[in-house]
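Participant: Handing you a structure now.
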Amino acid sequence: MNYIHVDMLRLQAQTLQALEERQGFVPCEGLENVTSCEAPAEYLMPDATRPGGGGSDIEIRPAWFCRKHLSTLLGRDPGVQPVIRRIEGPEE
Ligand SMILES: [Zn+2]
């Protein structure tokens, strides 16, 4: 079960807005063994494991991912989230 505190949601929304205003999109953070990914992020994982400061430490924090890299992490396509689908309206 995933959950996110409203303060974290607020912080990430501010980050999203600031980066989009500055560079047009939020970049994917890539996988732990991939140094960079130029694709725009489509998903925020609230409890991603990422390399910490100093190299070897692992930290758990929110991270932005493109669809391809989140698919790799999940082992499946992330798909369309039900609430988003409802906001955008059914395609059929
Ligand atoms: Zn990526």
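The values are calculated or read from the model by the stated rules, or taken from the named source; none is laboratory data. The structure presented is a predicted model; accordingly, all values stated were derived computationally and were not measured. Positions of Cβ are generated from backbone atoms using ideal geometry, with glycine treated the same way; all protein chains shown enter the neighbour counts.
Participant: If you scan region 32-61, which residues turn out to be farther than 24 Å from Tyr3 by Cβ and either hydrophobic (A, V, I, L, M, F, W, C) or modelled with pLDDT of 85 or more (or both)?
Facilitator: If the condition is that a residue be farther than 24 Å from Tyr3 by Cβ and either hydrophobic (A, V, I, L, M, F, W, C) or modelled with pLDDT of 85 or more (or both), then Val34, Cys37, Ala39, Pro40 are the ones that fit.
Participant: Follow-up. What number of residues within region 10-54 satisfy the criterion of being part of a helix (DSSP H, G or I) and surrounded by fewer than 12 Cβ atoms within 10 Å (Cβ to Cβ)?
Facilitator: Of the residues in that region, 8 qualify.
Participant: Let me ask another. Can you tell me which residues in region 55-73 are within 16 Å of the ligand (Cβ to nearest atom) and in a strand (DSSP E or B)?
Facilitator: Of everything in region 55-73, those that are within 16 Å of the ligand (Cβ to nearest atom) and in a strand (DSSP E or B) turn out to be Pro62, Ala63, Trp64, Phe65.
Participant: Another question about this same structure. Regarding Arg76, is this residue surrounded by 11 or more Cβ atoms within 10 Å (Cβ to Cβ), more than 13 Å from the ligand (Cβ to nearest atom) and either assigned to a loop (DSSP other than H, G, I, E, B) or of a type in the set (Lys, Arg) (or both)?
Facilitator: Spelling it out, it is not the case that Arg76 is surrounded by 11 or more Cβ atoms within 10 Å (Cβ to Cβ), more than 13 Å from the ligand (Cβ to nearest atom) and either assigned to a loop (DSSP other than H, G, I, E, B) or of a type in the set (Lys, Arg) (or both).
Participant: Exactly one of (1) more than 10 Å from the chain's Cα centre (by Cα); (2) away from the ligand (no atom under 16 Å from the Cβ) is unmet by Phe25. Its number?
Facilitator: Here Phe25 meets the rest and fails (2).
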